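The values are calculated or read from the model by the stated rules, or taken from the named source; none is laboratory data. Computed from a predicted structure; not experimentally measured. Ideal geometry is used to build each Cβ from the backbone, glycine not excepted, and the neighbour counts take in all protein chains shown.
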Amino acid sequence: MNAKDEILELRQKINDYNYAYHVLDAPAVDDFEFDALVRRLKELEKENPELITPDSPTQKVGGKPSAAFTPVVHEVPLESLNDVFSFGEVAVFGDRVGDAAAHEGYVVEPKIDGLSVALYYDGGVFVRGATRGDGVTGEDVTHNLKTIRSLPKRLEDAPEHLVVRGEVYMSRTVFRALNEEREVNGEPLLANPRNAAAGSLRQLDPKVAALRRLDLLVFNIQAVRGREFKTHEKSLEYLRKLGFKVVDGVTCETIDACIRRIEWLGDNRETMDFDIDGAVIKLNSLQARINLGSTSKAPRWALAYKYPPEKKETRLLDITVQVGRTGVLTPKAVVEPVRLAGTTVTNATLHNEDFIRAKDIRIGDTVILQKAGEIIPEVLEVVLSKRPEGAAPYEFPSLCPECGSPVVRDEGGAAIRCRGAECPAQRLRNIVHFASRNAMDIEGLGIAVVQQLLDAGLIQTAGDLYYLDAQRLEELPRFGKKSAENLIAAIEKSRENDLSRLLGALGIPQVGQSAAKSLSEHFGTMETLEAAAEEELTAVGDIGGVTARNIIEWFQNPQSRHLLGRLREAGVNMTSRAEKSDDRFAGKTFVLTGALSKYTRDEAGEIILKHGGTVSSSVSKKTAYVLAGEDAGSKLTKAQSLGVPVIAEEEFEEMLK
C-alpha cells in the first residue's frame, strides 16, 4: 500500500474511532491500539508533508459536539496533548523546552481517564459548563454538572471572571456499586468508569447524572480576571483555596525527577479511586508557556506519557467458576502470583466457556496476562510451546457450583446460567425482583433492605418474607416501629395479589408481565399451570416452544417446588382473579406501541386480557392488531411492512363498544 492510501485508510479508522469514543461514549478499540494508529499517521504525514490536510485527525482535537446539546464556543481552546510512550521521548521533550524549565521546573500530574470540561464562573457563581468537544466548540452540560457535589456552585472571595478546566470522572467505588446494583436489577453492566462518566454527563435528563454520583478534579485555570500567577503550582494552590477539588500535581526540578514521578504514579495507580491512563508533564512557569505557545492542536509546553499495557507470563494453576447475582457462571483463572501494572495478580478473568474454548485454555498452561483497560487482568493467550504433557481441555460444569441445579446456556447467547429458584448466589437479585413494582409490588423492600434482611439471617428466599414479624424487624439498625409495621403491612397486602403478579415475580425465564398475565388468564390456578404439558402451554397466545420448555423445567426443579411450598403455606394467592368481560378478542394478539392518551399501556393491556385477548411485546405475522399511540416507533414500521392492521385509540374504543 502506498503512503497516500495508507494515510487515507488511517484517517478513516481514526475518525470512526474518535466518533465512537467522543460522541457515542462507546470506545471501539483500546487506547493503546488507537494511539498506535495515530502515531503511524503522524509518522507518514511527517514523511509526506504535502499530504497533510486541515481535516486530518492529527490537526484536530476530540470529536464533533452532539447536536442534542447547545454548542458552547470555548473562551480559551481546550487543547489536547501530544502523547509519548517512552522515557526517551520524555527526555527529548526536556531537551526541546530547554531553558524554559530552568527556573520553575515542571509539574507532573496523573492523567485522569474521564471527560474534560470547562467551567465558567462570573462573580463567583457557576454559570455554565461545557465538554471539550472538538477543542473549539463543546456541548453545554451545565444541568448535569450541577449534580456533581464536588463542583463548587459559588466561590468565596472569587475573581470577577474565572474559567477552569477539569476532568469529570466516576470513582472506582461508585462504579463497582452501580454495577452491583445493575446486576441485581438485571440491567446491562457499565463497561468501565470512563464510559460511565461520559455517558452520564451527556444525559439529557440531569436526574440520571445525579444517580451516577460523578466526581470532578480540576487541573488548570484557562482564564481569569483580577488575579495573576507566576506558576502553575501557585494557580493550583489558589484553586484549592477557592474550594475546588484539585489534581495532585508535584513540582519537579529536572526531567529525570519527572520520570521518577511518572514511574511512581504508574506503580501506585491501583491505590487511587479513579482510573488514570498516563501522566501529564507541564512547564511550571506560565510565562514560559506563553513564550513556547502551541501547534494547531497541542501546546508545546506539555505532553502526556501514556502507560503501555503491560504483559506478563505466568502459570495457570486452576479454573474456578463463580455464580453471579443473575445466575451467570463466570470462569476465573487462578494463576501463580505475578507483578502486573503495579499490583500482584493472582486471578484473571476468562469471560465465558466460549472464550476458554476459542483460546484452548487448559489447567497447567503457561499464559500471557494483560490488564484490560488497566483494570481487570485477563488471559491474552496461551504459550503452546510450554504446554505440559497430559493437559486436558477444560470441561465447563453442568451443575451450579453454588446450589447443584442444572445450568443452561442462554438462547442465542454465550452466558451459561443457573436456574435454581433458591440459589444462594442469586438470593439478593431474586428477592429484589420478587418484591419489585412490576412483580409483587412490596413497597419499601428495595435492595438495601433486602440485603439487611439477608445479612441478619431473617430470610433466605422470597418465601421467607411472609414469615417475618414486626418485632424482629424493629431490632435491626435503621428500623423503627413504624417502618417495621409498614413493611409487614406491604408484605401482607401482597398475599392477595393476582396469580399473574406471582408468576411474573418467580423469575421463570422469558415469563415477563405480559406472558404471566396470559398464563394466569388461561390456566386460572398455579396447580393447573404446573400440570400443563408443552402443547397446552404453546396454545397460549404469546407462549412459544422455548418459553414453554423454560416453564416446565422451572416447575420440575426441586428448589422451585420448595419455594412454591413455602408460599402456599404462607397463604399467598395462587388463583387468577381477573374477570373476563367477554371473549371478543379470543385468539387475537395485540402489540402496543407509542404513548396512548386515555390509558397507560398496562391499562390497555388489562382491557385486552379481560376480553380474552393476549398482549405481546413484538410484532409478527401472527399479530392481529398493533395499537399505536403518539411517537410510535419501530414496532409501527414493522407492522406496516408485514401488513398487520394498525389501529388508533379511537378504533380500539369502537371495538370495545
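Could you check, for the stretch 270-293, whether at least one of its residues is closer than 29 Å to residue 214 by Cα, among the basic types (Lys, Arg) and in a loop (DSSP other than H, G, I, E, B)? So far as the stretch 270-293 goes, no, none of its residues is closer than 29 Å to residue 214 by Cα, among the basic types (Lys, Arg) and in a loop (DSSP other than H, G, I, E, B).
Within the stretch 67-85, which residues are under 32 Å from the mean Cα position of the chain (by Cα) and either part of a loop (DSSP other than H, G, I, E, B) or of a type in the set (Gly, Ala, Ser) (or both)? Before you say what the answer is, go through the steps one by one.
So the first thing to find is which residues in the stretch 67-85 are under 32 Å from the mean Cα position of the chain (by Cα), and the list is 67-74, 77-85.
Scanning the stretch 67-85 gives 67, 68, 69, 70, 74, 77, 78, 79, 80, 81, 82, 85.
Cβ-Cβ distances below 8 Å connect the following pairs, each with a first residue in the stretch 439-450 that is under 21 Å from residue 511 (Cβ atoms), a second residue that is of a type outside the set (Val, Ile, Thr) and in a loop (DSSP other than H, G, I, E, B), and a separation of six or more residues or different chains: 440/497; 441/497.
Regarding the stretch 320-329, can at least one residue be identified that is aliphatic (A, V, I, L, M), outside the structural domain of residue 271 (by TED's automatic domain parsing) and more than 30 Å from residue 426 (Cα to Cα)?
Residues of the stretch 320-329 that are aliphatic (A, V, I, L, M), as a first pass: 321, 323, 328-329.
Checking the rest, the ones that are also outside the structural domain of residue 271 (by TED's automatic domain parsing) come to 321, 323, 328-329.
Keeping just the survivors that are more than 30 Å from residue 426 (Cα to Cα) gives none.
No: the stretch 320-329 contains no residue that is aliphatic (A, V, I, L, M), outside the structural domain of residue 271 (by TED's automatic domain parsing) and more than 30 Å from residue 426 (Cα to Cα).
Out of curiosity, is residue 408 at pLDDT 95 or above and in contact with a strand residue (DSSP E or B) (Cβ under 8 Å, 6 or more places away or on another chain)?
Numbers: at pLDDT 95 or above: no; in contact with a strand residue (DSSP E or B) (Cβ under 8 Å, 6 or more places away or on another chain): yes.
No, not satisfied.
Is one or more of the residues making up the stretch 194-211 over 25 Å from residue 70 (Cα atoms) and either free of Cβ contacts under 8 Å to residues at least 40 places away in the same chain or not charged (D, E, K, R) (or both)? Break it down stepwise before answering.
Going residue by residue through the stretch 194-211, those that are over 25 Å from residue 70 (Cα atoms) are none.
No, the stretch 194-211 contains no residue that is over 25 Å from residue 70 (Cα atoms) and either free of Cβ contacts under 8 Å to residues at least 40 places away in the same chain or not charged (D, E, K, R) (or both).
Within the stretch 228-258, the set of residues being of a type in the set (D, E, K, R) and more than 25 Å from residue 131 (Cα to Cα) comprises 228, 230, 234, 253, 256.
Taking (1) without any contact (Cβ under 8 Å) to a residue 12 or more places away in the chain; (2) outside any helix (DSSP H, G or I) in turn, residue 256 satisfies each apart from (2). Based on this model, can you work out whether residue 167 counts as surrounded by 17 or more Cβ atoms within 10 Å (Cβ to Cβ) and more than 20 Å from residue 204 (Cβ to Cβ)? Yes: the conditions hold for residue 167. Looking across the stretch 603-653, just one residue is over 16 Å from residue 540 (Cα atoms), of a type in the set (Ser, Thr, Tyr) and buried (at least 17 other Cβ atoms within 10 Å of the Cβ), and that is 625.
Report the residue count in the stretch 545-597 for those that are of a type outside the set (Lys, Arg), part of a loop (DSSP other than H, G, I, E, B) and surrounded by 14 or more Cβ atoms within 10 Å (Cβ to Cβ).
To start, the set of residues in the stretch 545-597 that are of a type outside the set (Lys, Arg) comprises 545-548, 550-560, 562-565, 567, 569-576, 578-579, 581-583, 585-587, 589-597.
With part of a loop (DSSP other than H, G, I, E, B) added as a condition, the list becomes 557, 570-574, 576, 578-579, 581-583, 585-587, 594, 596-597.
Still in the list and also surrounded by 14 or more Cβ atoms within 10 Å (Cβ to Cβ): 557, 570, 572-574, 576, 578, 585, 594, 596.
Residues meeting the conditions: 10.
Could you say whether any residue in the stretch 412-432 is at positive phi, in contact (Cβ under 8 Å) with a residue 60 or more places away in the chain and in the same structural domain as residue 559 (by TED's automatic domain parsing)?
Within the stretch 412-432, the subset at positive phi is 412.
From what's left, in contact (Cβ under 8 Å) with a residue 60 or more places away in the chain: none.
Within the stretch 412-432, none of the residues are at positive phi, in contact (Cβ under 8 Å) with a residue 60 or more places away in the chain and in the same structural domain as residue 559 (by TED's automatic domain parsing).
Every listed requirement among (1) farther than 23 Å from residue 578 by Cβ; (2) crowded, with 17+ Cβ neighbours inside 10 Å is met by residue 513 save one, (1). Residues that are in a strand (DSSP E or B) and exposed (fewer than 14 other Cβ atoms within 10 Å of the Cβ) within the stretch 382-405 comprise just one, 399.
Within the stretch 519-535, can one find any residue that is of a type in the set (Asp, Glu) and buried (at least 21 other Cβ atoms within 10 Å of the Cβ)? Looking for residues that are of a type in the set (Asp, Glu) and buried (at least 21 other Cβ atoms within 10 Å of the Cβ), one finds at least one in the stretch 519-535, hence yes.
Considering each of 414, 421 in turn, give the residue that is part of a loop (DSSP other than H, G, I, E, B), at pLDDT 90 or above and in contact with a helix residue (DSSP H, G or I) (Cβ under 8 Å, 6 or more places away or on another chain). Break it down into steps so the answer makes sense when it comes.
Details: 414 fails: at pLDDT 90 or above.
None of the other options fit; the residue is 421.
A search for C-beta distances below 7 Å between a residue of the stretch 639-657 that is within 13 Å of residue 624 (Cα to Cα) and any residue that is basic (Lys, Arg) and surrounded by fewer than 17 Cβ atoms within 10 Å (Cβ to Cβ), counting only pairs 6+ apart in sequence or on different chains, returns 642/621. Within the stretch 224-248, the residues that satisfy the criterion of being part of a loop (DSSP other than H, G, I, E, B) and more than 23 Å from residue 169 (Cβ to Cβ) are 226, 227, 228, 229, 230. With respect to (1) out of contact with any helix residue (DSSP H, G or I) (no Cβ under 6 Å at 6 or more places or on another chain); (2) over 30 Å from residue 421 (Cβ atoms); (3) surrounded by fewer than 14 Cβ atoms within 10 Å (Cβ to Cβ), the lone exception for residue 357 is condition (2).
For the stretch 615-657, a residue qualifies if it is touching a Phe, Trp or Tyr at 6+ places or on another chain (Cβ under 7 Å) and either modelled with pLDDT under 80 or of a type in the set (Phe, Trp, Tyr) (or both), and exactly one does: 625. Is there a residue being touching a Lys or Arg at 6+ places or on another chain (Cβ under 8 Å), under 30 Å from residue 98 (Cβ atoms) and not aromatic (Phe, Trp, Tyr) anywhere in the stretch 225-239? Yes, that holds for at least one residue.
All told, residue 303 falls short of being over 30 Å from residue 81 (Cα atoms), in contact with a strand residue (DSSP E or B) (Cβ under 6 Å, 6 or more places away or on another chain) and outside any loop (DSSP other than H, G, I, E, B).
Within the stretch 514-528, residues that are closer than 11 Å to residue 615 by Cα have Cβ atoms under 7 Å from residues that are crowded, with 21+ Cβ neighbours inside 10 Å and of a type in the set (Asp, Glu) in these pairs: 514/542; 515/542; 518/542, counting only partners at least 6 apart in sequence or on another chain.
Is it the case, given these coordinates, that residue 269 is of a type in the set (Lys, Arg), modelled with pLDDT of 95 or more and assigned by TED's automatic domain parsing to the domain that holds residue 166? The answer is no for residue 269.
Hey, among the residues in the stretch 3-37 that are surrounded by 18 or more Cβ atoms within 10 Å (Cβ to Cβ) and hydroxyl-bearing (Ser, Thr, Tyr), which one's modelled with the highest pLDDT? This residue is 17.
Could you please give the count of residues in the stretch 468-502 that are surrounded by 12 or more Cβ atoms within 10 Å (Cβ to Cβ) and not aliphatic (A, V, I, L, M)? Steps first, answer last, please.
Of the residues in the stretch 468-502, the ones surrounded by 12 or more Cβ atoms within 10 Å (Cβ to Cβ) are 468, 470, 472-474, 476, 479, 483-495, 497-502.
Restricting the remaining residues to those that are not aliphatic (A, V, I, L, M) gives 472, 474, 479, 483, 485-486, 492-495, 497-498, 500-501.
Qualifying residue count, the stretch 468-502: 14.
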